[in-house]
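One structure is given below, encoded as structure tokens.
The values are calculated or read from the model by the stated rules, or taken from the named source; none is laboratory data. Computed from a predicted model, the values in this text were never measured in an experiment. For neighbour counting, all protein chains shown are included, and Cβ atoms are generated from backbone atoms with ideal geometry for every residue, glycine included.
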Amino acid sequence: MTDYRRYRVKGGTYFFTVNLAERKRKLLTEHIDVLRGAFREVKQTHPFNMGAMVILPDHLHAIWTLPEGDDDFSLRWRQIKSAFSRQIEAGERVSLCRAGKQERGIYPRARVATAVLGTCNPR
């Protein structure tokens, strides 16, 4: 398995870009209410401050600040993606590898998180 090295800062601010696997699909804007619901659901159990967010048809950008002592943005994204995917009708292309693991093909597996350094975290 690939060993991703991520710069993690407990209570840090991060910039994310999350893409759809099929860039021609418009799932994020066509199902914006479902996406909002997924964010609300996860924020209730794993809070974070969303400083900014831009949602486009095939990808989104977000800036989050995590609570003091917490650097687990991966858990939050996994739960957001899962909550969103469960409510979207299947129809995307799925590789044989993913089909064998009963995975959806909405998102590529890799994700880029960039820690924002030198920021003043509003609390």
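Quick one: Asp33 ticks every box in (1) touching a Ser or Thr at 6+ places or on another chain (Cβ under 9 Å); (2) without any contact (Cβ under 8 Å) to a residue 12 or more places away in the chain except a single one, so which number is it? All conditions are met except number (1). Which ones in region 58-78 are assigned to a helix (DSSP H, G or I) and buried (at least 17 other Cβ atoms within 10 Å of the Cβ)? Of everything in region 58-78, those that are assigned to a helix (DSSP H, G or I) and buried (at least 17 other Cβ atoms within 10 Å of the Cβ) turn out to be Phe73, Arg76, Trp77.
Consider Ala90 carefully, then state whether it is at pLDDT below 90 and within 11 Å of the chain's Cα centre (by Cα). So Ala90 does not fit the description; no. In the set Ala38, Ala52, only one residue is of a type in the set (A, V, I, L, M), surrounded by fewer than 12 Cβ atoms within 10 Å (Cβ to Cβ) and at pLDDT 95 or above; that residue is Ala52.
Filtered by the rule that a residue be part of a loop (DSSP other than H, G, I, E, B) and in contact (Cβ under 8 Å) with a residue 24 or more places away in the chain, region 36-57 gives His46, Phe48, Leu56, Pro57. Taken over region 1-35, the criterion of being at pLDDT 95 or above and over 16 Å from Lys81 (Cα atoms) is satisfied by no residue.
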